[in-house]
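**Q** Provided herewith is a single structure, encoded as structure tokens, for subsequent inquiry.
The values are calculated or read from the model by the stated rules, or taken from the named source; none is laboratory data. Note that the structure is a prediction, hence the values are computed from the model and not measured. Note: ideal-geometry Cβ built from the backbone for every residue, glycine included; neighbour counts use all protein chains shown.
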Amino acid sequence: MAAKTTIRVPHLGGIEAGYAFSGGGYDPAKPTCVLINSMCTTVSLYRDQFADEALTSAVNLLAIEPLGHGATRCPTEHFTYWDSAVMALQVLDQLGIDRAFALGTSQGGWIVTRMALLAPDRIRGLVLLGTSMDYESADSRAKGCWDPKTLLASFYDKWAAPSGPNPDDFVVDDVWCGMVASLGFGAAGTPDLVSFWTSTLKDVYRGDEGRRKLKMALACLLDRDGLCRRVRDITCPVYWLQGSDDAPFGTTVPAEQIKLFTSSKEATLTIIPGGNHYLNATNPKEVSEALLKLVNKYK
């Protein structure tokens, strides 16, 4: 489900940001890792990481729901991934956390990379999961990446304005919920997992507020800018994990893009055999090992 706790930050006139801490809350004696979830998911995407005692005994896990997701609410309708990055940094401010590692799944990878660009002195290292630093350019599509504008633009058009006499009757449909699960979890998408995320999406994206929230989350995806020219300025270490069965982005583009982090202390790509798009959910063991390795080396 969505985060049960929110915190107010000043960006865009005052955002209520949904977040969750592992364990009993922030322990200043331990390093912190920010976790940013994938498209249309919530802090619950990181249930396996929160349940990993070896991980949580070593690291504070702080999952933050980006704009357009979960319990996060914004007074302005329009926002971008850069705004979600600023918001996440301001959540750290409000919680009194000066520096942190950051892990992002799919769109979360684009957001945590933006955090490192905006605050290079605050982000100690990045773990990127199932992602791409490009927008869905012709070059990316020619190398096996998906084409979301062709696949998803009709949903945006459908959600662009209220439909029916009562806008608050809106509930996201089963087709969209099924796409989130199938693209993200692939063969690992059990009936229980699909049911959980269908229920979560229908709870978050309901009523006219939910429709507008979902519309703008999709607009961020369809209209996002690429980061390929910018990542050369990132100096912190980068551990990129990509599943061999990643449906949206494949493995060709990540193998090229990891080489663009020319200023990073360390930049590595690991292909996880059989891994799907939401690697932290389909391959939690490998993800926890990578995060612990990064934290122990650079804390």
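**Q** What is the number of the single condition among (1) on the phi > 0 side of the Ramachandran plot; (2) in contact with a Gly (Cβ under 9 Å, 6 or more places away or on another chain) that residue 194 does not meet?
**A** (1) is the only condition that residue 194 fails.
**Q** All but one of (1) at pLDDT below 95; (2) under 29 Å from residue 274 (Cβ atoms); (3) not in a helix (DSSP H, G or I) hold for residue 228; state the number of the condition that does not hold.
**A** So residue 228 meets the others, but not (1).
**Q** Give 188, 181 a once-over and let me know the one that is out of contact with any strand residue (DSSP E or B) (no Cβ under 8 Å at 6 or more places or on another chain), under 13 Å from residue 40 (Cβ atoms) and modelled with pLDDT under 95.
**A** 181
**Q** Within 18 Å of the chain's Cα centre (by Cα), farther than 28 Å from residue 226 by Cβ and not in a helix (DSSP H, G or I): does that describe residue 71?
**A** Yes.
**Q** Which members of region 176-188 meet the condition of being surrounded by 15 or more Cβ atoms within 10 Å (Cβ to Cβ) and farther than 18 Å from residue 151 by Cβ?
**A** 188
**Q** Just checking, which of 151, 201 is assigned to a helix (DSSP H, G or I) and crowded, with 19+ Cβ neighbours inside 10 Å?
**A** 201
**Q** Pick from 161, 88, 116: which is at negative phi and surrounded by fewer than 19 Cβ atoms within 10 Å (Cβ to Cβ)?
**A** Answer to the check: 161.
**Q** What are the residue pairs meeting all of these: first residue in region 238-258, first residue at negative phi, second residue among the β-branched types (Val, Ile, Thr) and assigned to a loop (DSSP other than H, G, I, E, B), Cβ atoms under 7 Å, and 6 or more apart or on different chains?
**A** Hits for this filter: 242/251; 244/251; 249/131.
**Q** If residue 218 satisfies all but one of (1) farther than 30 Å from residue 196 by Cβ; (2) touching a helix residue (DSSP H, G or I) at 6+ places or on another chain (Cβ under 6 Å), what's the number of the condition it fails?
**A** (1)
**Q** Another one. Across region 239-254, which residue is nearest to the chain's Cα centre (by Cα) among those that are surrounded by fewer than 23 Cβ atoms within 10 Å (Cβ to Cβ) and β-branched (Val, Ile, Thr)?
**A** If we take residues in region 239-254 being surrounded by fewer than 23 Cβ atoms within 10 Å (Cβ to Cβ) and β-branched (Val, Ile, Thr), then 251 is nearest to the chain's Cα centre (by Cα).
**Q** Find the residue count for region 97-134, including only residues that are outside any helix (DSSP H, G or I), out of contact with any strand residue (DSSP E or B) (no Cβ under 8 Å at 6 or more places or on another chain), farther than 18 Å from residue 39 by Cβ and not small (Gly, Ala, Ser). Explain how you work it out, then say what you get.
**A** Of all residues in region 97-134, those outside any helix (DSSP H, G or I) come to 97-106, 119-134.
Of the ones still in play, those that are also out of contact with any strand residue (DSSP E or B) (no Cβ under 8 Å at 6 or more places or on another chain) are 98, 119-121, 132-134.
When the remaining residues are screened for being farther than 18 Å from residue 39 by Cβ, the result is 98, 119-121.
When the remaining residues are screened for being not small (Gly, Ala, Ser), the result is 98, 120-121.
Residues in region 97-134 being outside any helix (DSSP H, G or I), out of contact with any strand residue (DSSP E or B) (no Cβ under 8 Å at 6 or more places or on another chain), farther than 18 Å from residue 39 by Cβ and not small (Gly, Ala, Ser): 3 in total.
**Q** So which residues in region 252-299 are of a type in the set (Asp, Glu), under 23 Å from residue 139 (Cα atoms) and not in a helix (DSSP H, G or I)?
**A** Here is the first cut: in region 252-299, the ones of a type in the set (Asp, Glu) are 256, 266, 286, 289.
Adding the requirement that they be under 23 Å from residue 139 (Cα atoms) leaves 256.
Matches in region 252-299: none.
**Q** Next question, about the same structure. Looking only at region 259-271, decide whether some residue is surrounded by 15 or more Cβ atoms within 10 Å (Cβ to Cβ) and within 21 Å of residue 193 (Cβ to Cβ).
**A** No.
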